[in-house]
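**Q** Here you go, one structure.
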Amino acid sequence: MGGFDLTGRKALVTGGARGLGAGMAEALSRAGAAVMIGDLLEEQGRRTAESIASSGGRAGFVPLDVTDDDSWAAAVAATISELGGFDLLINNAGVEISSLIVDLEPKQLRTMLDVNVLGVGLGLKHAFRAMRPDGPAGAGGAVVNVSSVAATIAFPGIAGYSATKSAVDRLTRVAAAESGKLGYGVRVNCIYPGLVANEMGTQLAQDMVTLGLWPTVESAVGDVIGLTPLGRLGETADMADAVVFLASDAARFVTGVGLPVDGGMGT
Ligand SMILES: NC(=O)c1ccc[n+]([C@@H]2O[C@H](COP(=O)([O-])OP(=O)(O)OC[C@H]3O[C@@H](n4cnc5c(N)ncnc54)[C@H](O)[C@@H]3O)[C@@H](O)[C@H]2O)c1
């Protein structure tokens with residue numbers, strides 16, 4: 001893509017050790033931002049940061065459990081001290097556990113609520129505190145939350161996940177309204193990625209077979225592609241480029257919206 005310059009920006013990417021988050025961290029770095037990766041996966045997170053640094057970017061790793069308030073405080077403080085500021089937060093960490101509604105397990109649903117909803121809520125809290133004019137970073141900025149096409153369609157087997165991703169959508173809109181009204185100078189948007197055939201996406205397709213909803217993984221994936229006007233699954237770069245756009249000044253008058261990055265599958 002190119003054209004969306006992030007030179008001088010300081011970003012924290014949650015769940016950036018692998019998958020979409022790693023791709024987002026790499027794309028932010030290519031656009032000029034210094035990047036901190038925050039994740040539970042320490043070894044993998046450090047490797048991803050090293051790989052960005054070896055391509056000429058500025059990157060570090062900080063241990064972060066997005067469900068924990070103190071962990072957020074420490075990760076944001078580390079980002080500010082290591083990068084010299086903090087003006088971009090990518091709330092990407094998330095978990096997906098498929099289940100039919102008749103088999104919902106409280107523990108599994110609570111895990112998704114904790115990571116996907118509480119994690120994004122706490123991220124917004126700590127980003128606002130740091131980025132608003134009286135905060136330790138103090139220069140405003142942008143937050144991009146990662147929702148899902150699951151928030152915009154009704155797909156069987158992922159009711160709990162879809163509910164948490166719909167919550168991310170609402171958190172985004174209310175956060176943008178509060179930031180504007182209270183003069184924080186922070187734009188807040190989200191993306192709704194379509195299915196990507198990485199670890200999470202492949203597991204989801206497999207789950208559809210395990211749950212008896214499709215006969216084979218190929219037929220489940222084929223139906224998703226059939227519902228997608230652009231006729232393919234998503235790729236990491238599709239999501240990463242959208243995040244760079246929303247983080248950049250090219251989106252300077254964009255806040256409180258959700259951007260579908262799903263080939264047209266969602267509504
Ligand atoms: N893969 C897809 O098809 C797809 C589609 C739509 C939306 N999404 C969303 O995109 C985001 C990234 O997904 P992915 O496909 O890269 O999945 P992934 O499982 O590969 O990566 C998720 C990352 O989040 C981290 N994480 C999980 N719990 C955490 C916690 N409590 N604290 C900190 N980090 C934590 C994991 O360690 C991992 O590095 C998620 O929010 C997911 O819901 C994915």
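**Q** Go through V13, V35 for me and flag whichever is touching a Leu at 6+ places or on another chain (Cβ under 8 Å), in contact (Cβ under 8 Å) with a residue 60 or more places away in the chain and part of a strand (DSSP E or B).
**A** That would be V13, the only listed residue that is touching a Leu at 6+ places or on another chain (Cβ under 8 Å), in contact (Cβ under 8 Å) with a residue 60 or more places away in the chain and part of a strand (DSSP E or B).
**Q** Let me ask something else. Among the listed residues L204, L211, L227, L171, identify the single one that is within 15 Å of the ligand (Cβ to nearest atom) and in contact with an Asp or Glu (Cβ under 9 Å, 6 or more places away or on another chain).
**A** L204
**Q** Might you check whether a residue that is among the charged types (D, E, K, R), touching a helix residue (DSSP H, G or I) at 6+ places or on another chain (Cβ under 9 Å), outside any helix (DSSP H, G or I) and open to solvent by 10 Å² or more (accessible area, probe 1.4 Å) occurs anywhere in region 172-183?
**A** Among the residues of region 172-183, not one is among the charged types (D, E, K, R), touching a helix residue (DSSP H, G or I) at 6+ places or on another chain (Cβ under 9 Å), outside any helix (DSSP H, G or I) and open to solvent by 10 Å² or more (accessible area, probe 1.4 Å), which makes the answer no.
**Q** A further question on this structure: Here are the criteria: (1) within 16 Å of the ligand (Cβ to nearest atom); (2) aliphatic (A, V, I, L, M); (3) under 27 Å from A31 (Cβ atoms). Tell me which single one A250 does not satisfy.
**A** For A250, the exception is condition (1).
**Q** May I pose another question? Within region 39-82, count every residue that is touching a Phe, Trp or Tyr at 6+ places or on another chain (Cβ under 7 Å) and closer than 16 Å to M24 by Cα.
**A** 3
The values are calculated or read from the model by the stated rules, or taken from the named source; none is laboratory data. This structure is a prediction, so every number in the text was calculated from the model and none was measured. In this analysis, Cβ positions are derived from the backbone assuming ideal geometry, glycine residues included, and neighbour counts consider all displayed protein chains. To get the accessible areas, we keep the full protein, side chains included, count just its heavy atoms, and leave off ligands, DNA and RNA. Shrake-Rupley method; radii C 1.70, N 1.55, O 1.52, S 1.80 Å.
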